[in-house]
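The next block holds one structure in the form of C-alpha cells; read it before the comments.
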Amino acid sequence: MTDPTTVPSLRVRPLSVQQEEYTGEHFIADDPANQLVPDLSLPERVTFAAIDGTEIVGNLYRPPEGRGPIPALALCGPISAVKEQVVSLYAERLASAGYLCVTFDPRRFGESGGTPRGFYDPSDIISDVHSAVRFLFAHDAVDTDRVGAVGVCMGGGYAVSLGAREKRLGAIVAIAGGYDIGATFQQMQGAEGFAEVLAQLNGMVQEQVATGEVAMIPTTAEDPDTLAAMPNPEAHSFYTRTRASYAPNWSSDFAAMSLEAYFAYSALSQAPLVAPTPIMYIHGTLDVFLLPEYAQAAYDRSQAPKELV
C-alpha cells in the first residue's frame, strides 16, 4: 500500500492573499473537452445515517491495495453539488495515493433523503459531513488515528466548522473555500444591492409561509443579474454539462429560503476552534467568486499548526 507520507507535495508557494488585477478571462475554465471526467466505475455505493436518521448516500473510494488499517478522508463539495461532481476527482486521486475516501450527497439533494428537496442549509451540510466522518471511524478498514477531512468550495468552509466540533481528526484541508458568505456577497454587490437581493428572497419566503409551497429559484444561471444560487456563466456551464454527462441526480431546483441561511454562514468565528488539529488552506489569488481575502482572514484567525498555500 502507498504510504501517504511519501506522496510528493503538491503545494506551490505561500500566499500573500491579495486581489491582483484581473480580467474576466481569468475566471473561465479550460475548454470542457480538456476537463477531467470521473471514473464512476471506481466507487462503491454506501449509505449511512445522519444524526437525525436521514439516509445519506455516498460513494466509497478504496486504495488499490486497500488492506486495513488505512488512512481515510471525508470529502465535502460545492453548494448543491452531488457526490459525482468535483469531489469525485479529488477522491480518485487521493484513493490512488492510499486513502479510503467517502463522498456524499447532502440531505435533500441527489440520492440522499430529506425534505423539502432543494433546501440547502449550511448547518445541515456540516452535520452531514460530520456523519460521513463517523461512518469512517466505524469502518473496519480505517486507521482511526489517521482520519481527516477535505472540503472544496463551500465544503472548505464546512471543513473549518467540522474541525471546530470534531476533535478526533488528524488534519483538515480547505480548498478554495467560502468562509464568510454574507460579507463576500455584500462586498461584491454593495450594501444596497445585497440588501435588495435579500429583501426579494425574504418576500418569496414570506409567500411560501402563506401558501405552503416551497419557493424555488435556479441553482445556476448564465446571467449574473438572475436571482440564483450561482448566477455565473462558468458555474452554469459546469453544472448543466456534468448533469448531462455523469451526474444525472444533480438538480437545477434550489429552494429560495436556502439563500437566507447561506448568506448568514461564516466560518471565521469557528476558525480558532480548529486547533490543535492541523489545518491547511489552499486558495487561488484570482478567485473572483469566493474572494481570497476571506481565506486569508480564516487563516489569520486559525491557531497553529496551520498553513496557507
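The values are calculated or read from the model by the stated rules, or taken from the named source; none is laboratory data. Quantities reported herein were computed from a predicted structural model and do not represent experimental measurements. Backbone-built Cβ (ideal geometry, glycine too); neighbour counts: all protein chains shown.
Within the stretch 285-293, is there a residue that is modelled with pLDDT of 95 or more and hydroxyl-bearing (Ser, Thr, Tyr)? No, the stretch 285-293 contains no residue that is modelled with pLDDT of 95 or more and hydroxyl-bearing (Ser, Thr, Tyr).
Residues in the stretch 10-68 that are part of a loop (DSSP other than H, G, I, E, B), modelled with pLDDT of 70 or more and closer than 29 Å to TYR294 by Cβ: GLN35, LEU36, PRO38, ALA50, ILE51. For the stretch 286-308, give me each residue that is assigned to a loop (DSSP other than H, G, I, E, B) and either surrounded by fewer than 17 Cβ atoms within 10 Å (Cβ to Cβ) or free of Cβ contacts under 8 Å to residues at least 12 places away in the same chain (or both). Those that are assigned to a loop (DSSP other than H, G, I, E, B) and either surrounded by fewer than 17 Cβ atoms within 10 Å (Cβ to Cβ) or free of Cβ contacts under 8 Å to residues at least 12 places away in the same chain (or both): LEU286, VAL288, PHE289, GLN303, ALA304, PRO305.
Figure legend. Inter-residue proximity from the stretch 268-282: first residues crowded, with 22+ Cβ neighbours inside 10 Å, second residues assigned to a loop (DSSP other than H, G, I, E, B) and not hydroxyl-bearing (Ser, Thr, Tyr), beta-carbon distance below 8 Å, spacing 6+ or different chains. Indicated pairs: VAL274/GLN303; THR277/LYS167; THR277/LEU169; THR277/GLY170; ILE279/PRO305; TYR281/GLY177; TYR281/VAL309.
If only one of GLY170, GLY178 is surrounded by 15 or more Cβ atoms within 10 Å (Cβ to Cβ), more than 22 Å from PRO106 (Cβ to Cβ) and either touching a Gly at 6+ places or on another chain (Cβ under 8 Å) or among the acidic types (Asp, Glu) (or both), which one is it? Exactly one residue qualifies, and that residue is GLY170. For ILE217, the criteria (1) assigned to a strand (DSSP E or B); (2) closer than 30 Å to ALA72 by Cα hold in every case but one, which is (2). For the stretch 220-255, the set of residues classified as free of Cβ contacts under 8 Å to residues at least 24 places away in the same chain, within 21 Å of VAL86 (Cβ to Cβ) and in a loop (DSSP other than H, G, I, E, B) consists of GLU222, PRO248, listed by residue number. Taking the numbered list (1) over 19 Å from ALA267 (Cα atoms); (2) buried (at least 22 other Cβ atoms within 10 Å of the Cβ); (3) β-branched (Val, Ile, Thr) in turn, THR115 passes all entries but (2). Does ALA195 fit the bill of being in a helix (DSSP H, G or I) and surrounded by fewer than 21 Cβ atoms within 10 Å (Cβ to Cβ)? Yes: the conditions hold for ALA195. For the stretch 83-102, the candidate set comprises residues that are closer than 25 Å to ALA228 by Cα and polar (S, T, N, Q); within that set, the residue that is surrounded by the most Cβ atoms within 10 Å (Cβ to Cβ) is SER88.
The conditions of being touching a residue at least 40 places away in the same chain (Cβ under 8 Å) and at negative phi are met by GLY68.
Say whether the condition of being at pLDDT 95 or above, outside any loop (DSSP other than H, G, I, E, B), within 26 Å of VAL205 (Cβ to Cβ) and of a type in the set (Ser, Thr, Tyr) is met by at least one residue in the stretch 256-264. Yes: the stretch 256-264 contains one or more residues that are at pLDDT 95 or above, outside any loop (DSSP other than H, G, I, E, B), within 26 Å of VAL205 (Cβ to Cβ) and of a type in the set (Ser, Thr, Tyr). Considering only residues of the stretch 109-150 that are small (Gly, Ala, Ser) and not in a loop (DSSP other than H, G, I, E, B), which is nearest to the chain's Cα centre (by Cα)? Here the residue is ALA149.
Would it be correct to say that ALA176 is of a type in the set (A, V, I, L, M, F, W, C), farther than 15 Å from LEU273 by Cα and in contact with a His (Cβ under 7 Å, 6 or more places away or on another chain)? Yes, satisfied.
Quick check, is SER127 at pLDDT 95 or above, among the polar types (S, T, N, Q) and either crowded, with 24+ Cβ neighbours inside 10 Å or in contact with a Pro (Cβ under 9 Å, 6 or more places away or on another chain) (or both)? So SER127 does not fit the description; no. Give the residue that is surrounded by the fewest Cβ atoms within 10 Å (Cβ to Cβ), with candidates limited to residues of the stretch 69-82 that are of a type in the set (A, V, I, L, M) and not in a loop (DSSP other than H, G, I, E, B). If we take residues in the stretch 69-82 being of a type in the set (A, V, I, L, M) and not in a loop (DSSP other than H, G, I, E, B), then ILE70 is surrounded by the fewest Cβ atoms within 10 Å (Cβ to Cβ). For the criterion of being assigned to a helix (DSSP H, G or I), modelled with pLDDT of 95 or more, buried (at least 23 other Cβ atoms within 10 Å of the Cβ) and of a type in the set (A, V, I, L, M), VAL160 passes.
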